[in-house]
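One structure is given below, represented as structure tokens, and several questions about it will come after.
The values are calculated or read from the model by the stated rules, or taken from the named source; none is laboratory data. Please read these numbers as outputs of a predicted model, since none were measured by experiment. All Cβ positions, even for glycine, are placed from backbone atoms using ideal geometry, and neighbour counts span all protein chains on display. Ligands, DNA and RNA are stripped out before the accessible areas are found, and what is left, the full protein with its side chains, is counted by its heavy atoms. Shrake-Rupley method; radii C 1.70, N 1.55, O 1.52, S 1.80 Å.
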Amino acid sequence: MARKPSLTGFPEWLPAERVVEQHVLDTLRRIFELHGFSNIETRAVETVGQLLRKGEIDKEVYGVSRLQDDAAAKDDANALALHFDLTVPFARYVVENAGYLHFPFRRYQMQKVWRGERPQDGRFREFTQADVDIVGDGTLPFRYDVELALVIAEALSALELGDFRLRVNNRKLSEGFYRGLGIEDTASVLRAIDKLEKIGAAKVSEELQADGLSEEQAAKSLALASIRASDGSFVEAVRELGVEHPLLEEGLDELREVVEAAAVAAPGRVIADLSIARGLDYYTGTVYETVLVGHEKLGSICSGGRYESLASNGKKTFPGVGLSIGVSRLVSRLLAEGTLVASREVPTAVLVALPNDGEWLRAQEVARQLRGRGISTEVMATAEKFGKQIKHADRRGIPFVWFLGEHGASDTVKDIRTGEQLEAAAETWVPPLEDLVPTVTPAAQAGDAAVGH
């Protein structure tokens with residue numbers, strides 16, 4: 001029976017579910033650090049002025065104030081509010097600490113964020129994001145756009161969460177195409193195209209024409225958005241539409257570089273999808289969105305792009321490229337579908353049983369030796385029949401029970417899953433590597449392992 005949360009939009013995981021979430025975070029951390037990204041953490045609050053400077057919707061921002069304060073926070077640029085993403089705080093962090101950072105600065109960040117939207121499948125009011133960015137001082141080579149796509153493809157592959165597609169486009173390509181059609185307000189076209197999957201081509205066409213586009217311009221814009229390819233063939237498909245513009249050519253070249261590099265490093269995972277627009281105005285080049293195959297209705301689990309001036313102190317600009325993974329959205333779906341399974345809900349590998357209450361201190365010494373070698377161990381608090389102590393371990397998922405030797409006999413340890421019981425010494429015994437800590441595996445593999453036992 002599914003648990004009903006007492007407060008919707010604020011997920012709380014049971015211990016085994018938390019093991020899965022921690023596995024996701026640890027895997028992402030490992031991959032990011034293998035690629036040389038440093039970890040940072042920013043404060044949970046920013047000023048209202050900082051959060052809303054890019055025109056974000058203030059109704060989604062949670063203000064922070066004392067209960068007795070009556071002032072309207074949204075009218076005070078210096079009032080405090082919880083951050084709704086990690087990108088805006090990171091931009092502020094770079095500007096404030098630029099003199100202490102080495103550029104290009106490679107950072108990853110995993111934190112809670114808060115957003116006041118209607119809770120639904122995969123959308124929460126409090127959730128965890130994992131961001132990865134590369135920021136330059138004044139300039140940032142385009143090759144980092146390519147690298148970010150490869151890093152994310154590797155990270156998501158390592159999670160073993162099934163098939164996914166990292167869909168990539170380039171804002172220069174789209175904007176250059178629209179300008180080649182004679183459209184001046186390219187931002188409104190991008191915002192309309194960004195709704196394509198939600199409202200369909202017919203309604204997008206109506207919206208485009210309502211904004212002043214001709215029927216032909218709207219048709220060409222939708223034709224561009226229909227192009228997809230896992231190799232460089234999308235270039236010719238765009239050129240067949242008969243539109244020319246220097247910015248379009250620049251975007252085509254950049255997108256081709258991303259897709260062709262990915263075709264070698266992560267074949268089939270990264271595709272050019274010219275419907276990807278990303279509604280935020282600060283994106284200036286490459287844009288990314290990632291979907292789980294078979295779970296497209298969940299929406300993007302990872303998105304981002306290139307920005308030239310999100311971080312600026314008025315004298316210097318710090319261009320960057322980054323991606324954000326919706327960890328809570330991803331974990332909620334993995335748990336709902338049973339895609340990943342934790343081997344146990346507790347870190348404990350060994351329970352030391354008590355033959356009688358007088359042996360508690362001796363049992364604690366055994367536990368101390370095991371813990372000293374990195375083996376998570378618990379000791380029974382009271383002596384009961386061994387059958388009950390074994391059942392206690394079984395209910396909690398603890399794989400091994402340690403029995404103290406009596407009358408000079410050696411200690412023994414029992415694998416309660418198989419029934420195998422062997423002599424053991426606390427100063428030398430180790431469990432199999434796969435039992436040392438809880439592990440997370442795809443559900444199919446977990447089922448095969450259970451059959452093997």
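Considering each residue of segment 298-345, count those that are under 17 Å from residue 130 (Cβ atoms) and assigned to a loop (DSSP other than H, G, I, E, B), and give that number.
Matching residues across segment 298-345 total 3.
Which number in (1) in contact with an Asp or Glu (Cβ under 9 Å, 6 or more places away or on another chain); (2) among the polar types (S, T, N, Q); (3) touching a residue at least 24 places away in the same chain (Cβ under 8 Å); (4) surrounded by fewer than 12 Cβ atoms within 10 Å (Cβ to Cβ) marks the one condition that residue 441 misses?
Among (1) in contact with an Asp or Glu (Cβ under 9 Å, 6 or more places away or on another chain); (2) among the polar types (S, T, N, Q); (3) touching a residue at least 24 places away in the same chain (Cβ under 8 Å); (4) surrounded by fewer than 12 Cβ atoms within 10 Å (Cβ to Cβ), the lone unmet condition for residue 441 is (4).
Matching residues to (1) under 18 Å from residue 299 (Cα atoms); (2) out of contact with any Phe, Trp or Tyr (no Cβ under 9 Å at 6 or more places or on another chain); (3) free of Cβ contacts under 8 Å to residues at least 12 places away in the same chain; (4) not charged (D, E, K, R):
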residue	(1), (2), (3), (4)
150	no, yes, no, yes
166	yes, no, no, yes
176	no, yes, no, yes
180	no, yes, no, yes
192	yes, yes, no, yes
198	yes, yes, yes, no
204	no, yes, no, yes
211	no, yes, no, no
237	no, yes, yes, yes
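Which members of segment 368-380 meet the condition of being under 17 Å from residue 410 (Cα atoms) and buried (at least 20 other Cβ atoms within 10 Å of the Cβ)?
Hit for segment 368-380 is 370, nothing else.
Another question, then. Report, ordered by the first and then the second residue, all pairs with beta carbons closer than 9 Å, sequence separation of six or more or different chains, a first member in segment 274-287 that is open to solvent by 40 Å² or more (accessible area, probe 1.4 Å), and a second member that is modelled with pLDDT of 75 or more and in a loop (DSSP other than H, G, I, E, B).
From segment 274-287, the pairs are 278/194.
Between 103, 90, which is assigned to a loop (DSSP other than H, G, I, E, B), modelled with pLDDT of 90 or more and surrounded by 15 or more Cβ atoms within 10 Å (Cβ to Cβ)?
103
Conditions (1) closer than 30 Å to residue 80 by Cα; (2) at pLDDT below 95; (3) open to solvent by less than 50 Å² (accessible area, probe 1.4 Å); (4) not hydrophobic (A, V, I, L, M, F, W, C), marked per residue:
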residue: 4; (1), (2), (3), (4): no, yes, no, yes
residue: 10; (1), (2), (3), (4): yes, yes, no, no
residue: 34; (1), (2), (3), (4): no, no, no, no
residue: 51; (1), (2), (3), (4): yes, yes, yes, no
residue: 54; (1), (2), (3), (4): yes, yes, no, yes
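Given the criterion in contact with a Leu (Cβ under 6 Å, 6 or more places away or on another chain) and open to solvent by less than 40 Å² (accessible area, probe 1.4 Å), identify the matching residue among 225, 237, 229.
Answer to the selection: 225.
Is it the case that some residue within segment 366-377 is in contact with a Ser or Thr (Cβ under 9 Å, 6 or more places away or on another chain) and of a type in the set (Val, Ile, Thr)?
Yes, the conditions are met somewhere in segment 366-377.
Another question, then. Which members of segment 106-145 meet the condition of being open to solvent by less than 10 Å² (accessible area, probe 1.4 Å) and outside any strand (DSSP E or B)?
Within segment 106-145, 122, 136, 145 qualify.
Could we say that residue 179 is farther than 26 Å from residue 291 by Cα and either in contact with a Cys (Cβ under 7 Å, 6 or more places away or on another chain) or of a type in the set (Lys, Arg) (or both) here?
Yes, satisfied.
Could you give me the residue pairs with C-beta distances under 7 Å whose first residue belongs to segment 329-343 and is in contact (Cβ under 8 Å) with a residue 40 or more places away in the chain and within 11 Å of residue 442 (Cβ to Cβ), whose second residue is part of a loop (DSSP other than H, G, I, E, B) and open to solvent by 20 Å² or more (accessible area, probe 1.4 Å) wherever it lies, and which are 6+ apart or on separate chains?
Short answer, once both residue conditions are applied: 339/162.
Enumerate the pairs (first residue in segment 99-117 and on the phi < 0 side of the Ramachandran plot; second residue anywhere and assigned to a helix (DSSP H, G or I) and of a type in the set (Lys, Arg)) with beta-carbon separation below 8 Å, excluding pairs fewer than 6 apart on the same chain, so at least 6 apart or on different chains.
108/29; 110/29; 116/59
Right, next: Please find, within segment 240-273, the residue that is most open to solvent (accessible area, probe 1.4 Å) out of those that are under 30 Å from residue 158 (Cβ atoms) and free of Cβ contacts under 8 Å to residues at least 40 places away in the same chain.
The selected residue is 264.
Also, I was wondering about something else. Mind checking which residues of segment 277-293 are under 28 Å from residue 334 (Cα atoms) and modelled with pLDDT of 80 or more?
Within segment 277-293, 277, 287, 288, 289, 290, 291, 292, 293 meet the criteria.
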